[in-house]
Structures are given as C-alpha cells and as structure tokens.
Amino acid sequence: MCDSHGWPSSHSQYMFFFAVYFTLLTCKGIGGIWNVRTKWAALFLPWSLAVLTMYSRVYLGYHTVAQVFAGASLGIFLGGVWFWLVNSKLFCYFPLIEESPFGRFFYVKDTSHISDVLKFEYDNARAARKNMAARKAMATKSS
C-alpha cells in the first residue's frame with residue numbers, strides 16, 4: 001500500500017493525456033502517408049505505455065488503484081479539451097504567433113496547414129541538399 005504520493009497520479013495523467021492527444025492528431029490526419037493499418041499500429045504504443053504506467057505505479061506501491069484511475073480519467077479529459085481548444089479556438093492565431101517577434105526569435109513555425117508534414121520536410125531537405133551540391137559544383141567550375 002502507498003503512503004499517498006499524490007492524488008491523482010500525475011504519471012497516469014500525463015501518459016493518458018499524451019495517448020489521447022496523439023490519437024486525435026493521428027485520426028485528424030497528421031502524417032498523411034500512413035494507411036489505416038499503420039495508424040492502428042502507431043496508436044498501440046502510446047496506449048500500451050499509458051496502461052503500463054498505471055500498472056507500474058500501483059505495482060511499485062506509489063499509488064492506489066483509485067489514484068491511477070483518477071489520473072487516467074483526468075488525463076483523458078484534459079487531452080480531449082486541449083486538442084479541441086488548440087484546433088478550434090487557437091488555430092486562427094498560429095500565423096500571428098509565427099510572425100511575432102517572439103516567434104521569429106525562437107524560430108516558431110506553423111505546420112498545421114501542411115497535410116503531410118513528414119513528406120514536406122523530407123522533400124525540402126532533399127531539395128536543399130541538391131541545391132547545395134549544385135552550388136558547390138558551380139563554385140568548383142568557376143575556380
């Protein structure tokens with residue numbers, strides 16, 4: 001039995017927040033190259049880790065079952081609310097934040113309008129490498 005390390009379990013709360021938020025992002029379409037089977041495989045990991053975290057907190061005696069279930073419930077609720085808030089209320093402010101002095105200083109970028117961020121980053125990195133190689137070849141020819 002635990003000596004009460006907190007109510008609710010913050011570890012369970014965080015892991016379930018992450019699992020819910022990651023699930024909602026994945027279902028929304030972040031990472032557009034994934035097919036349905038790959039999405040389900042990718043979603044298995046965060047939910048497994050969340051459940052294992054709950055189990056470990058009770059097994060190690062840091063929390064009671066009620067504490068980890070309260071943490072999981074709060075994490076699920078907050079993950080859903082935060083996803084809704086960011087994607088429905090704050091979404092319109094992303095370009096303003098990106099162009100603000102703060103955004104420019106910290107290199108904040110908004111990729112929410114890009115349907116497949118992974119492919120976009122991959123294509124841009126390859127194009128930049130080819131461009132650098134072409135410039136290097138031009139510099140070598142001119143010297």
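The values are calculated or read from the model by the stated rules, or taken from the named source; none is laboratory data. Bear in mind that the values here come from a model prediction, so they are computed numbers and not experimental data. Cβ placement follows ideal geometry from the backbone for every residue including glycine, while neighbour counts extend to all protein chains displayed. Note: areas computed on protein heavy atoms with side chains; ligands, DNA, RNA excluded. Shrake-Rupley method; radii C 1.70, N 1.55, O 1.52, S 1.80 Å.
Worth a mention:
- One residue from Lys109, Lys119, Lys130, Lys136 being of a type in the set (D, E, K, R), loosely packed, with under 14 Cβ neighbours inside 10 Å and touching a residue at least 12 places away in the same chain (Cβ under 8 Å): Lys119
- Residue in segment 49-65 that is surrounded by fewer than 12 Cβ atoms within 10 Å (Cβ to Cβ), within 15 Å of the chain's Cα centre (by Cα) and without any contact (Cβ under 8 Å) to a residue 24 or more places away in the chain present: no
- Residue check: Ser73 meets all listed conditions (1) among the small types (Gly, Ala, Ser); (2) modelled with pLDDT under 90; (3) open to solvent by 30 Å² or more (accessible area, probe 1.4 Å) but one, namely (2).
- The set of residues in segment 85-114 being farther than 22 Å from Val20 by Cβ and within 17 Å of the chain's Cα centre (by Cα) consists of Val108, Lys109, Asp110, His113, Ile114.
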